[in-house]
Structure formats: C-alpha cells, structure tokens
1. Please give the number of the condition GLU182 fails out of (1) touching a strand residue (DSSP E or B) at 6+ places or on another chain (Cβ under 8 Å); (2) under 21 Å from GLN117 (Cα atoms); (3) modelled with pLDDT of 95 or more; (4) surrounded by 19 or more Cβ atoms within 10 Å (Cβ to Cβ).
2. Given the structure, is TYR100 within 25 Å of ALA200 (Cβ to Cβ), assigned to a strand (DSSP E or B) and either of a type outside the set (D, E, K, R) or modelled with pLDDT of 95 or more (or both)?
3. Across segment 208-254, which residue is surrounded by the fewest Cβ atoms within 10 Å (Cβ to Cβ) among those that are in a strand (DSSP E or B) and either among the aliphatic types (A, V, I, L, M) or not assigned by TED's automatic domain parsing to the domain that holds ASP191 (or both)?
4. In this structure, is PRO131 under 30 Å from SER242 (Cα atoms) and surrounded by fewer than 20 Cβ atoms within 10 Å (Cβ to Cβ)?
5. Answer yes if at least one residue in segment 192-202 is at pLDDT 95 or above and loosely packed, with under 12 Cβ neighbours inside 10 Å, and no otherwise.
6. Quick one: in segment 255-270, of everything that is touching a Ser or Thr at 6+ places or on another chain (Cβ under 9 Å) and not in a helix (DSSP H, G or I), which residue is surrounded by the most Cβ atoms within 10 Å (Cβ to Cβ)?
7. Can you name the condition, by its number, that SER242 falls short on among (1) touching a helix residue (DSSP H, G or I) at 6+ places or on another chain (Cβ under 9 Å); (2) modelled with pLDDT of 95 or more?
8. Taking the conditions exactly as written (at pLDDT below 85 and surrounded by 10 or more Cβ atoms within 10 Å (Cβ to Cβ)), does VAL43 satisfy them or not?
Amino acid sequence: MMPWGWLRGPCLAACLCMMGSTANALEPVSFQSIEGWKADNLVEALQPFRESCREVLSGSWAFDRSVRYGGHQDQWREICSAAEKDLDPRTFFETWFRPYRVVDAAGGLFTGYFEPQVEASLHPDNRFSIPIYRKPADLVAFELAGKRALGMDYGRLVNGQPQPYYSRKEIENGALSGRGLELAYVATWADAFFMQIQGAGRLHLKDGSVLRLGYAAKSGRPYTSIGSLLAEAGVIPREKLSMQRIRLWMEENPEAARHLMWRNESFVFFRKLEISSPE
C-alpha cells in the first residue's frame, strides 16, 4: 500500500520543494482511486479539521512562530471559512483538496500522536517535583525577529545577537527556575519527556480535576530520537522499538535514562487548553 497525502494549492509548492531533496515524488491521483474513500466516515475527519481551523480564524498563537511548510495563515482562511459551512464532508474535501501519492519511496513510516494521561500537581511536593514549563518570554523565532542564524529557527537574543536557547540538560538543571514558568509538576522525568514527544498531555490533579496542555513552542535545539540511540547501542532491537519498551527501559535504568534524554537537546514548552471532551 502506497502512502497518500492531501495537499491544497498553497502548500503544494512547499511540499514539492521539500520532496525534491529526496528520492520521493508526488503523483496526482483521483479521490475515486483511493481504496476505501467512498466508504470512509468523513464526518470524523471534518470535525477535527474544523477544530484546527479555529486557531487559523482566530489569529491565535499557532502562527506566532516560523512555519517552514504548509503555507501561511491568510492562505488557509478561505478553506477554513468553507469548513464551517453546513457542507457534505465528502464534497468539502473533494472541492478543497487534491490527493497525491508518494512514489519512488524505498519505504515509509506512519506515526501517530496522542494526549498522555499523567498524574500531576499544581504545586511541587515530595512526589511531584518535575516542572512542566510554559513558553519563556526570551524564546524567539529568529525568522520573525529577522535574525535567523546558527542553523536554528528558534533561540534567544543576547545583546541583540542570536544565540541557541538553553539545552534540555541546562533547563532540567535549573536554567529556567525562578521565572514563574511552571504550569504543573509531574512525578518523573520520563512523564515530562513523553509529554514533550507528543506535544500534549492531560494532567490529572489531586483534586480530581484535569488540566489539558498543548504545544506552545520548542527551544530550537536539535532533536535526537532516543529510540534510535537505544537501537544503535544494541539495547533494544530496532524492530522491537516502541514507546512502551523505551519507557520500561527508562524505568529500569533511571540514571542512564536521564543522561540519554539529555542527548536530545530539543525541549518543548506548553500552554493551557480547553477540555472539549472528558475522555
């Protein structure tokens, strides 16, 4: 089965440019040629698309940062406005999107994201002491600041000059302490780490309430997959890599896991979200 992608006009050129540096190519196809298209329940696709579009139409935080692929906010306003109308979902997608097939690819990997359910506290104590941070004021998008440099999209300005933002190790060792950036506290470094991998989390607090957090920004430091590091070291066979297997190893080897996580210098910051569903 070949991988598929839906592209609208504004993002087509960017995606083709991105694909140009690889052995992959994009081949236009018809919706009718996609296996299962006529049988799919597209209501389940349109609703989350509408929710994403509300960020576009509101002009909120989502575009207050550098966007490398996928177009700009103004280019998506028309399609997002159309998504709010009472249209048949199938007609909507066939009108506004064009399907493409990725060809000449040696292989591919499909990934998914979810909101981890994590026990947490709004205040630190003996059990919950690992902070989850909101976006710091001194973290800037170099492109928006007219200062893109160092091969990074994000960082900080020191005396007007672009500098890398603090690394994961520096942040976990207190580089941001005392700024009032803590949204909540979790029990383990692994809890915080996997929330950052997913870019989201539902924190179950002591009083029974739930605090939902979503992605706000990243540090701009390079991302390194700890799964790949474990596979390269022969700790976990690559064919057996999974989040559950990695987490189990981290729980059994907390000190080694801490140092391994530091090799992934990228750090993710969060913001509070409304809870649209209790599930």
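The values are calculated or read from the model by the stated rules, or taken from the named source; none is laboratory data. Keep in mind that what you see is a predicted model, and the values were worked out from it rather than measured. When we count neighbours, we look across all protein chains shown, and the Cβ atoms used for this are built from the backbone with ideal geometry, even at glycine.
1. So GLU182 meets the others, but not (4).
2. Against the criterion (within 25 Å of ALA200 (Cβ to Cβ), assigned to a strand (DSSP E or B) and either of a type outside the set (D, E, K, R) or modelled with pLDDT of 95 or more (or both)), TYR100 does not qualify.
3. Here the residue is VAL210.
4. On the way: under 30 Å from SER242 (Cα atoms): yes; surrounded by fewer than 20 Cβ atoms within 10 Å (Cβ to Cβ): yes.
The answer is yes for PRO131.
5. no
6. In the first step, residues of segment 255-270 are kept if they are touching a Ser or Thr at 6+ places or on another chain (Cβ under 9 Å); the result is 262-269.
When the remaining residues are screened for being not in a helix (DSSP H, G or I), the result is 263-269.
Details: ARG263: 14, ASN264: 20, GLU265: 20, SER266: 17, PHE267: 26, VAL268: 22, PHE269: 21.
Looking at the filtered set, the residue picked out is PHE267.
7. The one condition SER242 does not meet is (2).
8. No: the conditions fail for VAL43.
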